[in-house]
2 protein chains.
Amino acid sequence: MTDQLADAAGTTADPADTDGRVRRGDRTRRLVLGRAVDVASVDGLEGLSIGRLATELSMSKSGLIAHFGSKEQLQLATIRAARAIFATAVVEPALREPPGLGRVRALLDAWLDYSSDRRFPGGCFFARATHEFAARPGPVHDALAAADTEWLALIARTIAEAQAAGEIRADVDADQLAFDLAAYLDSANLRSLLLGSFAVYDQARAALDRRLTESAS
Amino acid sequence: MTDQLADAAGTTADPADTDGRVRRGDRTRRLVLGRAVDVASVDGLEGLSIGRLATELSMSKSGLIAHFGSKEQLQLATIRAARAIFATAVVEPALREPPGLGRVRALLDAWLDYSSDRRFPGGCFFARATHEFAARPGPVHDALAAADTEWLALIARTIAEAQAAGEIRADVDADQLAFDLAAYLDSANLRSLLLGSFAVYDQARAALDRRLTESAS
DNA sequence: TCATAATACGAACGATCGTACTATTTGTTT
DNA sequence: AAACAAATAGTACGATCGTTCGTATTATGA
């Protein structure tokens, strides 16, 4: 929680490890992954080349890739790092709200901020990477598909909480509602980048608001 | 109209040209672009490499790229080719319906078929390419942004026709409704590819139907 | 101080990238 | 048949790709 990229690097969560050598390695891993997520959000996980990353960070290719083993492992670590950032930027703030409609709204608002504030320079990291690997098999695809499934499940679960709290009608299909809401978010993210405008976020907010209002008890 | 890829290749629409040399060139251009859109729908417009394309088509790199001049020009031609395919698969069938709510539904249904039938092996070509270049400047970005803007404008115009026909309420914001509907389509396309399932198209249909029903007069 | 272990570097590898330049083949025209 | 034009092929270039190997640097232990 203190550092989003700690366990994304694959360390065994050993904060009290006083070995300065592995601490140096962890520091480098976090440095690399911090740049990697930004690069990948713009140029994709394939555009994330080792040589480019090494040049930008003023280090050697071999020294960089030694931390990950292969490019595919670097891509998987980058996804884990992006998940950690997403969790702190979107999920955790929402979970600080009490369960109910307020938490649903907090989750969606946090996502819109995460996208429009360009927490990643290329907009939502997952929108970029997921489309890149949607039609390609392999471990990277699977990791992204799992992340997407978890994200939609989180929305649906938050909706179900609001139903349990009596703030969303019981006859609403939580999965369907989650699908609709996520669709608005993704569409706004894409078209804001595409047009260089932020007005589309207002359209997303209007869509979210209407859909939630008509679902409220 | 007879051949979707004819003018996408950049020819000046000279069908009666009896010169067998340029006819051969046009045939090759269409062959190349037909493969290019399929490859790009899976691996993106950057993954579209000249060498790979040449190998798959059993021709030389130099002979292939001579038709386009540069990779960026090939990418732009590929976008034009994809637009032509999209027009015949989605737009033209819908425009054969009389203006009104029926045409709106026909347009959306045609899009869902275009996506779920995998008219491109990687799902919607534009979903893939647009996310790839959303955060990158240049002519390719601009061409994709223009295509997206035209697509949303077409939906909005079709909605406005239905309003003029008295089948959609006059107080409905056509641009907002178009945004919502397009969001459902894109979301279904992505998540169907990601999960390898087609059930998500039913969610999209449910979302489209609800949104249109509540907007109907 | 000296062996040990982890991290980082430098150089080179074969492969592929996009592009340019020069033939060669194929079809047209006179 | 000869001159011409368009399409295609062949070859090579410099750059970058991911990866591997040997070595140097840095920090930790005995």
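The values are calculated or read from the model by the stated rules, or taken from the named source; none is laboratory data. These numbers were taken from a predicted model, which means no experiment stands behind them. Methodologically, a virtual Cβ is constructed for each residue, glycine included, from the backbone with ideal geometry; neighbour enumeration extends over all protein chains shown. Just so you know, the surface numbers come from the protein's heavy atoms only, side chains and all, with ligands and any DNA or RNA stripped out. Shrake-Rupley method; radii C 1.70, N 1.55, O 1.52, S 1.80 Å.
Here's the yes/no breakdown for (1) in contact with an Asp or Glu (Cβ under 9 Å, 6 or more places away or on another chain); (2) among the hydroxyl-bearing types (Ser, Thr, Tyr); (3) open to solvent by 10 Å² or more (accessible area, probe 1.4 Å); (4) part of a helix (DSSP H, G or I):
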position	(1), (2), (3), (4)
B:TRP151	no, no, yes, yes
B:THR158	no, yes, no, yes
B:ALA162	no, no, no, yes
B:ALA178	no, no, no, yes
B:ASP186	yes, no, yes, yes
B:ASN189	no, no, no, yes
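Residues checked against (1) of a type in the set (Asp, Glu); (2) closer than 21 Å to A:HIS131 by Cβ; (3) facing chain B (nearest Cβ under 10 Å):
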| position | (1), (2), (3) |
| --- | --- |
| A:PHE179 | no, yes, yes |
| A:ALA182 | no, yes, yes |
| A:ALA188 | no, yes, yes |
| A:LEU195 | no, yes, yes |
| A:TYR201 | no, yes, no |
| A:LEU212 | no, no, no |
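In the set B:GLY166, B:GLY100, which member is surrounded by fewer than 16 Cβ atoms within 10 Å (Cβ to Cβ), in contact (Cβ under 8 Å) with a residue 24 or more places away in the chain and over 22 Å from A:ARG128 (Cα atoms)? Spell out how you get there, then give the answer.
Values: B:GLY100 fails: surrounded by fewer than 16 Cβ atoms within 10 Å (Cβ to Cβ).
After applying the criteria, what remains is B:GLY166.
Tallying residues that are basic (Lys, Arg) and more than 7 Å from chain A (Cβ to nearest Cβ) within segment B:118-140 yields 2.
Summed over segment A:128-149, residues that are surrounded by 15 or more Cβ atoms within 10 Å (Cβ to Cβ) and among the polar types (S, T, N, Q) total 1. Among residues of segment A:27-44 that are near DNA strand C (Cβ under 10 Å from one of its atoms), those with a beta-carbon under 6 Å from a residue that is open to solvent by 30 Å² or more (accessible area, probe 1.4 Å) at least six positions away or on a different chain give the pairs A:ARG29/A:HIS67.
Return yes when B:VAL39 is within 14 Å of another protein chain (Cβ to nearest Cβ) and either buried (at least 19 other Cβ atoms within 10 Å of the Cβ) or in a helix (DSSP H, G or I) (or both) and no when it is not. Write out each step before concluding.
Numbers: within 14 Å of another protein chain (Cβ to nearest Cβ): yes; either buried (at least 19 other Cβ atoms within 10 Å of the Cβ) or in a helix (DSSP H, G or I) (or both): yes.
So B:VAL39 passes the test.
Output the residues belonging to segment B:45-83 that are within 14 Å of chain A (Cβ to nearest Cβ) and either more than 8 Å from DNA strand C (Cβ to nearest atom) or part of a helix (DSSP H, G or I) (or both).
Going residue by residue through segment B:45-83, those that are within 14 Å of chain A (Cβ to nearest Cβ) are B:45-49, B:52, B:79.
Correct list: B:LEU45, B:GLU46, B:GLY47, B:ARG52, B:ILE79.
Quick grid of which residues meet (1) more than 15 Å from the chain's Cα centre (by Cα); (2) closer than 27 Å to B:SER197 by Cα; (3) open to solvent by less than 10 Å² (accessible area, probe 1.4 Å):
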| site | (1), (2), (3) |
| --- | --- |
| A:GLU56 | yes, no, no |
| A:ALA81 | no, no, yes |
| A:ARG105 | yes, no, no |
| A:ASP113 | no, no, no |
| A:GLY122 | no, no, yes |
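In segment A:42-54, of all residues being near DNA strand D (Cβ under 8 Å from one of its atoms) and among the charged types (D, E, K, R), the one that is surrounded by the fewest Cβ atoms within 10 Å (Cβ to Cβ) corresponds to A:ARG52.
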